[in-house]
Amino acid sequence: MSLRVTCPRAVCDAVGPALVDGARVVVWGKPSFHPGRGTLALAVVEIRPLGAGALLARLEQLKATLAAEGLFAASRKRRPPFLPAAVGLITGRASAAERDVVENARRRWPAVRIVLREVAVQGPLAVSQVIDALRELDGRPEVEVIVIARGGGSLEDLLPFSDEALLRAVVAARTPVVSAIGHEQDAPLLDFVADVRASTPTDAAKRVVPDVGEQTAAVAQLRGRARRVVEHRLDREERRLADMRGRPVLAAPARDLARRSDDVAALLARSRRCVHHALDVTGRDLVATRARVRALSPAATLDRGYAVAQRAADGAVVRDPAEVGPGERLTIRVAGGAFPAAVTDE
């Protein structure tokens, strides 16, 4: 007898990546039997993976939860310092991961200071010991970056580095954390919450400290570049100074002053001529004006034989004979002076 199994797509999608060829699963379904054809069918309602498949399913669920909270976001990740004062290292006791990190870090920067904390990296004590070491190193101000390192292993061996408590402790740490768990193909959830993911412990050493040889070469290159820039600037300024010194105004400044002195003398002579001419014209105009004023003045009239009669009492000028009466005394003013007079009856 054959068994026909049908499974809705939504049920399969709920299992996630654990549902692959060869995976061991437990299936819940509704059976049905067709007597006419003698066939048995099973309509699947739920699928649950077993063994590694179950672990993968739980990890995927936890991964989705943490991603929804934004713990994997690149915006919350911090960049380690260029040259940390001290590097915290959390790894197994006398492990190959410890040797790879320490030796490569000191090869790159011999003066690097490593603050080592040896913990269990698998088994039931691993999570608590790693969390305690992380919190201790995070509380030390001289430790500016923390590396959590472990060599490769099976899914079960690396499971502590996907523990939710450890992941949230890494997120809460104030010091940047570098994840260096296993090899390139290993991907514990610590890789996603850490500030920096290193493919191997050796790669972690390269990411936390610079290479002294590379930095020395870079400094030498920058010094050479700075020297060339300064020399180019000095050469350019020397050429500009030579060009300025070669200009006529600086090469022979007295020549320009002499030319300007001649111009000033010419302008001074011209101004003097203009002033003298203006004075001559003004003098002639003044003489003519004085002549006209004299010709129109009363004294000139008196010089021509005219006289002015004034009443002696008040000095009023007599313009009409009716203005005076008999016996009234007058003052007669002529060109040579004045004399008294009286009005007769006639």
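Counting C-alpha atoms alone, how compact is the stretch 209-288: give Rg to one decimal and Dmax as a whole number, in angstrom.
32.7, 107
Among DSSP beta bridges whose residues both lie in the chain, state the antiparallel percentage, nearest 5.
About 50 percent, rounded to the nearest 5.
Note the angle between two axes, namely the Cα long axis of helix 52-68 and the longest principal axis of the Cα atoms of the chain, as a number of degrees from 0 to 90, rounded to the nearest 10.
It works out to around 20 degrees.
If you line up the long axis of helix 212-245 against the longest principal axis of the chain, both from Cα atoms, how many degrees apart are they, to the nearest 10?
20
At a Cα cut-off below 26 Å, give the lysines reachable from residue 63, other chains included and same-chain residues fewer than 8 away excluded.
Candidates past the 8-residue exclusion: 77.
In debye, nearest 20: dipole of the stretch 246-303 around its Cα centre with unit charges on the Cβ of K, R (+) and D, E (-)?
Taking the Cα centre of the stretch 246-303 as origin, the dipole is about 160 debye.
With springs connecting C-alpha atoms under 10 Å apart, model the chain as a Gaussian network and identify which of 275, 45, 121 has the largest mean-square fluctuation.
Residue with maximal mean-square fluctuation among 275, 45, 121: 275.
Please give the Cα centre distance for the stretch 111-182 versus the stretch 221-253, rounded to the nearest Å.
59
Could you identify which residue out of 170, 27, 212 has the top mean-square fluctuation in a GNM of the chain using Cα springs shorter than 10 Å?
It is 27.
GNM on the chain, C-alpha springs below 10 Å: top fluctuator among 169, 218, 313?
313
For the stretch 145-204, which GluC sites (Glu not before Pro) are both in a DSSP coil and crowded by at most 10 other Cβ atoms within 10 Å?
Within the stretch 145-204, the qualifying GluC sites (Glu not before Pro) (loop, at most 10 other Cβ atoms within 10 Å) are 184.
Are there chymotrypsin sites (Phe, Trp or Tyr not before Pro) in the stretch 29-100 that DSSP marks as loop and that have at most 12 other Cβ atoms within 10 Å, and which are they?
82
When only Cα pairs under 8 Å and 6 or more residues apart are kept, what is the percent relative contact order across the chain?
11
By a straight-distance test (C-alpha under 16 Å), which aspartates and glutamates pair with residue 206 as possible cross-link partners, with residues fewer than eight away in the same chain excluded?
Answer for residue 206, where 16 Å is the Cα cut-off: 98, 100, 103, 144, 184, 195, 214, listed by chain and number.
Between (i) 60.3; (ii) 15.5; (iii) 16.5, which entry matches mean projected area of the Cα convex hull in nm² as derived from the coordinates of this structure?
Answer by label: (i).
Read-outs: derived from the displayed coordinates by stated rules, not from any lab. None of these values were measured; they are calculated from a predicted model. Ideal geometry is used to build each Cβ from the backbone, glycine not excepted, and the neighbour counts take in all protein chains shown.
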